[in-house]
Amino acid sequence: MAPQLDLALKHAPLRAPAPLFERGKPASGPRSQPGFMKLLGALAFAFLLALPFIDASAYTISIATSALIYVMLCMGLNVVVGYAGLLDLGYIAFFAVGAYVSGILTTVLDWPMWAAVPATILACVLAGIIIGGPTLRLRSDYLAIVTLGFGEIIRITANNLDVTGGPSGIHGIPTWSFGDWSFRDGLDLFGLHFSGTVLFYYFVAIVVATVGIVGVGRLARGRMGRAWKAVRDDEDAAEAMGINTYFTKISAYIIGAVWAGLAGQLMATHLTAISPNSFHFLYSALILMAVVLGGMGSTPGVIIGGLFVSLAPELLREFAEWRYLIFGVLLVVVMIFRPAGLWPATAVLPWLRRHKPQAWPATAPLESLGGDDRAEVGPAAGARPAPADPRAQDPADDGEVRR
Amino acid sequence: MSALLEVRDLHLRFGGVKAVDGLSFDVHEGEILAVIGPNGAGKTSAFNCISGFYRPTSGTIDFEGRSIMRVLPSTITRRGMARTFQNLRLFKEMTVLDNVKTAMHANLREGFFDTLLHTPRYRRAEEACAREAQGWLDFVGFEGDEQLYVTQLPYGEQRRVEIARALATSPKLLLLDEPAAGLNYGEKQGLMRLIRKIRDLGVGIVLIEHDMGLVMDLAERIVVLNYGKEIADGTPAQIKADPVVIEAYLGAEDDEALDDTTLTGMVATVDDEVPPSGDAGGRSA
Ligand SMILES: Nc1ncnc2c1ncn2[C@@H]1O[C@H](COP(=O)(O)OP(=O)(O)O)[C@@H](O)[C@H]1O
Ligand SMILES: [Mg+2]
């Protein structure tokens, strides 16, 4: 074990003593939490792949594509708001950066669409650093205001520049092409004719959203994700754990920006036209709402939230004017009855709630149990002062670190 | 041997309040130093200066011979100084195991793309991280379920987790801010043994504590603060006999000896004002 540890850990003056007992392998069956989520994900993925075979109408596929774009956006904002706890009210700005960068590169400079992908990522990383760099030193309420302003600045800039096409935006964004072949040429596959470009975008959106969902899930469970959550839960304690909170926040911001940028590029190709109106503050609010509604920091929750905000207006179409009212009422009801979201991050699957905690084996030596000698907590302890609520002990000491 | 931590003439003012007013002490490897003093004496403020959260008005702080003034708290931790907080500050929406794993952040060889692509490096790092975290949890005697959220634990267990988390940063020096606050007698005994066990690993310990009985038993040296001023520095025996300390602690009742029972009694009267809470003593085996 020791050489393995040396590969995994940097030089550290103090290493933990070996655990007193070996924990069993974590459960991984379909009834365990990770197993169940994988199963659910696989089913959802299969459904997405099967959808065109069920209903290949342009309307359905187009709605499904924009729903996937929304989900991608929500996954990115979930990193910023849900994991890192940074309130971002101008998130749609990064969506705009992605859409405009890929739009300009492919129309003005005639780049092929695939070549614009790394450029989009780079532009979003830069945008994240430029915006996040100075603002992430601010407390979160100031951050909200600054990001709100940033969202508006991007939109108004796009509205006024020539290269972005002004208020009418960019038109005729080309489709994906690889050499001679482009999506427009169509393809026959599995007895299904991919005639238009609509169906292609749908599959591209599936790939991007899947990578986005799996990627964020992995990051959240790794070293960086733990740092994000630590900063969210207690910034000072995170610093005390050796986490540079400033860089941690910027990293979350950049990930969010890149995810939004890729979603923006998807949308630019999907709609073939973009204009400043697509990046209104309203959309920032809508995405934020999706994240909060679904459950901050919860992948399944945020996906549900994203699907809800993108599909509900369509499903409620027959109510015409009334649909936004119904939409709003639904939201309020959800937030009253499920304040932590539809699928909270801390949710435990119902059949796992009463699981038995792991027990110390009877063989563990008593004196190694951190030295809590039970013999001393005998009758003698009863005569001692009763345990008190620690918070009441020192009422003057409210905040530990006051800055 | 040169000292691990050298604090010289530390001052910290908040407007008109002199929170710390001339504090100097040394800590060596494997030594337990206690800092005592009444509420508001400036103990926590001194800790916050040393760990980088407050910027002292004047004075010097050297850790392993290098100044750590104007250094970020996270950098100080990476250099080998860990701390706990007076009011437990665990990551509330993370599990016990994740809380401890988080502290290994700086020591883990796991890059962004390792995490994203689940490379062998990632698996190795996560395995080692979990194993170290479990090792520390076992070391501090945490017996609960490490998959629970920390808020689901009884108070005493949360204290243990906080110490495990501080140890997981791999410190040479550990600052403990009132670790025994809110613990019952049995838990305090366990804590004392744990602190000695940590010292035996070669870690220097600075301990803020109210319970004099505990401090007298545990510390090799004691620094006494009063209104930010350092009024005494010596062995437990010297401190016990120091008239200035007795004056500061007991005021007019200086005919009473400064011993275990008096001060435990003092703390007990404070404790008695609140009903005993169930969770503080909930460590049934
Ligand atoms: N951030 C702050 N701003 C203003 N005053 C503070 C701040 N932190 C501590 N103090 C003051 O400094 C003094 C020392 O407090 P503290 O260090 O918490 O004492 P102790 O930990 O010994 O009980 C107190 O008078 C307290 O009110
Ligand atoms: Mg204090």
Checklist outcome for this item: With DSSP loop assignment and no more than 11 other C-beta atoms within 10 Å, the trypsin sites (Lys or Arg not before Pro) in the stretch B:47-84 are B:R70
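Would you please put B:157-170, A:218-231 in order of how densely packed they are, using the mean number of other Cβ atoms within 10 angstrom per residue and starting with the highest? Each step should come with its number before you reach the end.
On the way: B:157-170: 26.1, A:218-231: 23.6.
So the peptides B:157-170, A:218-231, ranked by packing, come out B:157-170, A:218-231.
B:A82: net charge of surrounding residues, Cβ under 12 Å, Lys/Arg +1, Asp/Glu -1, itself excluded? Before the final figure, lay out each step's value.
On the way: positive: B:R78, B:R79, B:R83, B:R165, B:K172; negative: A:E239, B:E162, B:D177.
Every neighbour counted, the sum reads +2.
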Checklist entry - With point charges of +1 on the Cβ of Lys and Arg and -1 on the Cβ of Asp and Glu, referenced to the Cα centre of chain B, which listed residue (B:Y122, B:Y155, B:S51) lies farthest in the positive direction of the dipole? => result B:Y122
Checklist entry - In straight Cα distance, which lysines are under 20 Å from B:K240, not counting same-chain residues fewer than 8 positions off? => result B:K43, B:K229
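Suppose every Lys and Arg Cβ carries +1 and every Asp and Glu Cβ carries -1, with no other charges. What dipole size does the stretch A:65-281 come out with about its Cα centre, to the nearest 20 debye?
Working: 11 positive and 13 negative charges, 88 e Å.
So the dipole magnitude of the stretch A:65-281 works out to roughly 420 debye.
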Checklist entry - Rounded if a/c is under 1.5, else prolate if a/b beats b/c, else oblate: with a ≥ b ≥ c from the C-alpha gyration tensor eigenvalues square-rooted, which is the stretch A:4-136? => result oblate
Item to check | √(5λ) per eigenvalue of the Cα gyration tensor, the stretch A:208-322, largest first, Å | outcome: 31, 17, 13
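On a 25 Å Cα-Cα criterion, which of the cross-link pairs A:K25/B:K101; B:K101/B:K197; A:K249/B:K18 come out too long? Present the calculation step by step, with values, prior to reporting the outcome.
Numbers: A:K25/B:K101 17 Å; B:K101/B:K197 21 Å; A:K249/B:K18 34 Å.
From A:K25/B:K101; B:K101/B:K197; A:K249/B:K18, over 25 Å: A:K249/B:K18.
Do me a favour and compute the ellipsoid semi-axes for the stretch A:65-281 from its Cα gyration tensor, root of five times each eigenvalue, largest one first, whole Å.
Values: eigenvalues 213, 87, 31 Å².
So the three semi-axes of the stretch A:65-281 are 33, 21, 13 Å.
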Next on the checklist: Ranking request for peptides B:85-95, A:306-316, A:23-33: highest mean number of other beta-carbon atoms within 10 Å first, then the rest in descending order.
Outcome noted: B:85-95, A:306-316, A:23-33
Item to check | Computed helical MRE - 222 nm, chain B, DSSP H runs ≥ 4 contributing -39500 (n - 2.57), nearest 500 | outcome: -11500 deg cm²/dmol
Next on the checklist: Given contacts defined as C-alpha pairs under 8 Å and at least six residues apart, what's the relative contact order of chain B, whole-number percent?
Outcome noted: 25
Checklist entry - Which log10 I(q)/I(0) values, to two decimals, does the stretch B:82-170 give at q = 0.10 Å⁻¹ under the Debye formula with one point per Cα? => result -0.25
Next on the checklist: If I take the Cα coordinates of chain B and project them onto the principal axes, what are the three extents in Å, biggest first?
Outcome noted: 68, 45, 37
Checklist entry - For chain B, which DSSP H helices look membrane-span-like by this rule: Cα extent along the axis of 20 Å or more and mean Kyte-Doolittle of at least -1.0? => result B:185-200
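Out of every Cα-Cα pair in the stretch A:107-160, what percent are more than 19 Å apart?
Numbers: 649 of 1431 pairs.
Of the Cα pairs, 45 percent sit more than 19 Å apart.
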Checklist entry - Placing +1 at every Lys and Arg Cβ and -1 at every Asp and Glu Cβ, with all other atoms neutral, what dipole size does the stretch B:85-243 have around its Cα centre, in debye to the nearest 20? => result 340
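What size of dipole, in debye to the nearest 20, comes out for the stretch B:1-63 about its Cα centre when the only charges are +1 on Lys and Arg C-beta atoms and -1 on Asp and Glu C-beta atoms? Walk me through the numbers before you get to the answer.
Values: 5 positive and 7 negative charges, 83 e Å.
Computed charge dipole of the stretch B:1-63: roughly 400 debye.
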Checklist entry - Over the heavy atoms of B:Y149, what accessible area does a 1.4 Å probe trace out, to the nearest 10 Å²? => result 50
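The values are calculated or read from the model by the stated rules, or taken from the named source; none is laboratory data. Keep in mind the model is a prediction, meaning the values are calculated, not measured. Positions of Cβ are generated from backbone atoms using ideal geometry, with glycine treated the same way; all protein chains shown enter the neighbour counts. All accessible areas refer to the heavy atoms of the entire protein, side chains included, with ligands and DNA or RNA removed. Shrake-Rupley method; radii C 1.70, N 1.55, O 1.52, S 1.80 Å.
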